Amino acid sequence: MGDGTGGRYDQATLRKLVETERRRADRVASVARRHETLMETAPESMRPFHRRMAALHRATESRHRAAAELHAGYVDAVKSWAAGDGHAGLPPAFMTAVAEASGIPSLAVTLFTKDESGTAVVVSDTVAARANDLEYLFGEGPSRGTPFQLGVCGERELMSRWPRFGPAARELGVRAVVSARLGLPESPLGSLIAYRPEPEPDAAIARSAKVVADVLTDTALHPGTRLDVEDGLPVHPLFGDSDLRVVVHQATGMVMNTHQCTASDALALIRAHAYSLDESVVEVARMIVDRTTSLN
């Protein structure tokens, strides 16, 4: 599980990942340069082919460099923390470092675990945490349903598409969202959501969110990434601070048994109780499982 300062990767493994991504970027860049040269010297009929290949390799180079820089930012953050006096406070979270590097403060990753027994959520800050919990509370929001490849939702659409989540999110200062799919097109795994304070996010924010989603898909969610035997999540620092909501399913079963109701009705009762207490759904679920509260 790592060395206590690097989440699920130790620092040596993280540095190796950064170096590997940079080497891949350099190799792809050399191929791109070769095609760019051939765009000028090849027969006219072959120049469109070399143009396409150059663009493809430049795009791949950008993804490798972005992956290297995002992970390098996390390595630097952990290194600075470890050099501090007595390691004061908790080690930095991976998503917090990613948010700082990408210039998008409030980010949330939401995806289903391998066996679909629960949902894993990783956030960068308290705004993302509270906004994502509102989605779970109301059963609606940008991270729920089929993930968009890339979606931008301004304030007006936020209110009309999600009539309960939208107004509640606005009270947090969230007036718009950008969503990007995690995973491959044929097998989406979840969503990356950027919660934004401006009514209409600009194109640069959308591009940055897409880059972050691509990086996480290529690294943390790559099919070759080793899975943790305990929770089935990928062994990557992204998941060092994940909120695994299996406890909600446990609480739902207990409420079903107590109230002789369906799973959807039991979850609705839990959500309503959380709303009345101004608590998170996960926290109320833990209280139910620990038998420190009831819905009677």
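Bear in mind these aren't lab numbers, they're just calculated from the coordinates by the rules spelled out. For clarity, every value in this text was computed on a predicted model and none was experimentally measured.
Worth a mention:
- Theoretical gain in end-to-end length, Glu19 to Phe49 [0.36 nm per residue, Cα-Cα removed]: 7.7 nm
- The stretch 152-296: relative contact order in percent, alpha carbon pairs under 8 Å with at least 6 residues between: 14
- Here is what passes the span test in the chain: the DSSP H helices with alpha carbon length of 27 Å or more along the helix axis and a Kyte-Doolittle mean of -1.0 or above are 11-41, 47-82.
- Relative contact order of the chain, taken over Cα pairs closer than 8 Å and 6 or more residues apart, is 17 percent.
- Here the extension length gained between Ala42 and Val246 equals 67.6 nm, from 0.36 nm per residue of separation less the Cα-Cα distance.
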